[in-house]
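Novice: To start, I am sharing the structure in question, which I have written as structure tokens.
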Amino acid sequence: MHVILLGAPGSGKGTQAVTLSKRLAIAHIASGDLFREEQAKGTELGRLAKQYMERGELVPNEVTIKMILGRIGRADCAKGYILDGFPRTMEQGMALDAALAKEGKGGIDRVVYIKVSDGELLTRLGGRWICRAAQHPYHVVNNPPKTAGKCDIDGSALYQRADDSEETARKRLEVYHQQTAPLVQHYKEQGVLTEVDGQQSIEKVALRLASALQ
Ligand code: ADP
Ligand code: AMP
């Protein structure tokens, strides 16, 4: 099963993907998480990505596409995967379609577009904390951890992303509307898009996602 979670930064893709990937027993591939891992490891790719991420801009298509196509070719993706944060441009979407067609593995089964207003997105990004070990997301008000400052799942420390600052978050939303939103129409035309109202509780969004993927 090949699933894409499409939505603006803060729409809840990561939150939903954590539980969904367990339930469907398929890999969760988050492009932003991969770039942050590269940064933590101090690789050349990490250093390159950092320059764009700290400004709230997209990392160039060429390197992003190469990283993701490499990642989905690994053994843990053989049964399928949930893409979170990729594709983010039409060029990335086209490259993914072409790669899947070339491998003859079947195309994208379903794209779930999680729709949330910009005002709500800024509130969510401003209160987001993620864990050091695996980037599990929390929110100070909407989804607090059981123990302050600690991840419920792996116990690692929580921190706020520098690019969740208000200024950079606003820039990321602008980039989303310009470069990523056109993908909604692209997948609608392919007949694989389901729109879900993301401005409901985490549990309700999860139920809607589950029915979209049945
Ligand atoms: P994305 O991966 O799309 O950037 P996240 O899953 O990290 O988004 O969620 C962004 C923030 O919003 C996090 O702090 C998360 O706890 C919170 N959040 C996620 N889903 C909901 C929801 N349905 N209602 C309220 N807050 C949510
Ligand atoms: P995210 O964790 O999804 O919010 O992504 C954080 C940042 O990583 C983005 O603001 C971009 O700079 C970069 N990034 C993540 N995914 C992509 C992508 N598909 N294309 C380009 N840049 C990306």
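Novice: Considering amide H positions built from the backbone, and no H for Pro or chain starts, which residues 5 or more places from H28, or on another chain, come under 5 Å of its amide H?
Specialist: I82
Novice: Rounded to the nearest whole Å², what accessible area per residue is found for the chain with the 1.4 Å probe?
Specialist: It amounts to 51 Å² per residue over the chain.
Novice: Quick one: grab the alpha carbon gyration tensor of the chain, order the square roots of its eigenvalues as a ≥ b ≥ c, and give me rounded if a/c is under 1.5, else prolate or oblate depending on whether a/b is larger than b/c.
Specialist: Cα axes put the chain in the rounded bin.
Novice: At what distance in angstrom do the alpha carbon centres of segment 111-137 and segment 72-87 lie from each other?
Specialist: If you average the Cα positions of each part, the centres end up 21 Å apart.
Novice: Shifting gears a bit: Distance in nm between label sites at I153 and E44, each 7 Å beyond Cα in the beta-carbon direction?
Specialist: About 3.2 nm, to one decimal.
Novice: Let me ask something else. Over segment 1-120, what is the relative contact order in percent, taking alpha-carbon pairs closer than 8 angstrom and at least six residues apart?
Specialist: It comes to 47 percent, rounded to a whole number.
Novice: Determine how many Å³ per residue the convex hull of the Cα atoms of segment 1-125 encloses.
Specialist: 113 Å³
Novice: Sticking with this structure for a sec: Can you tell me the relative contact order of the chain? Whole percent, Cα pairs under 8 Å, sequence separation 6 or more.
Specialist: Once normalised by length, the contact order is 30 percent.
Novice: Output the relative contact order of segment 86-164, whole-number percent, from Cα pairs under 8 angstrom with separation of 6+ residues.
Specialist: RCO, segment 86-164: 21 percent.
Novice: What is the calculated FRET efficiency for N142 to K66, with r their C-beta to C-beta distance and R₀ = 30 Å, to the nearest 0.05?
Specialist: Calculated transfer efficiency: 0.30.
Novice: Right, next: If each residue of separation counts as 0.36 nm, what is the full-extension length gain between M90 and T19 once their alpha-carbon separation is subtracted?
Specialist: Once the chain is fully extended between M90 and T19, it gains 22.8 nm.
Novice: Per the helix-only calculation at 222 nm, which mean residue ellipticity applies to the chain, given -39500 (n - 2.57) for every DSSP H run of n ≥ 4 and division by its residues, nearest 500 deg cm²/dmol?
Specialist: Mean residue ellipticity, 222 nm, calculated: -13500 deg cm²/dmol.
Novice: On to the next question. Tell me which residues come under 5 Å, amide H to amide H, from R110 once H is placed; ignore anything under 5 positions away on its chain.
Specialist: Excluding prolines and chain starts, which carry no amide H, the hits are H2, I4.
Novice: Also, quick follow-up: Among the Cys residues of the chain, which have no other cysteine Cβ under 4.7 angstrom away?
Specialist: C77
Novice: Within the set K105/K204; K41/K79; K79/K146; K66/K204; K50/K188; K22/K115, which residue pairs have Cα atoms separated by over 30 Å? Please list the in-between numbers first.
Specialist: Working: K105/K204 32 Å; K41/K79 28 Å; K79/K146 33 Å; K66/K204 35 Å; K50/K188 32 Å; K22/K115 23 Å.
Among K105/K204; K41/K79; K79/K146; K66/K204; K50/K188; K22/K115, the Cα-Cα distance tops 30 Å for K105/K204; K79/K146; K66/K204; K50/K188.
Novice: Between A162 and R132, how many nm apart are label points set 7 Å from Cα along the C-beta direction?
Specialist: 1.7 nm
Novice: Using r as the Cβ-Cβ distance of Q214 and K188, and R0 as 25 Å, what FRET efficiency do you calculate, to the nearest 0.05?
Specialist: Details: r = 20 Å, r/R0 = 0.78.
Once the sixth-power term is evaluated, E becomes 0.80.
Novice: Here is a further query. Can you figure out the FRET efficiency of Q199 with K171, using R₀ = 22 Å and their beta-carbon distance, to the nearest 0.05?
Specialist: 0.50
Novice: Can you send over the carbon and sulfur percentage of the accessible area for segment 26-175, probe radius 1.4 Å, protein chains only?
Specialist: 51 percent
The values are calculated or read from the model by the stated rules, or taken from the named source; none is laboratory data. Keep in mind that what you see is a predicted model, and the values were worked out from it rather than measured. FYI the Cβ positions are ideal-geometry reconstructions off the backbone, even for glycines, and counts take in every protein chain you see. Quick note on the areas: whole protein, heavy atoms, side chains included, nothing else; ligands and nucleic acids left out. Shrake-Rupley method; radii C 1.70, N 1.55, O 1.52, S 1.80 Å.
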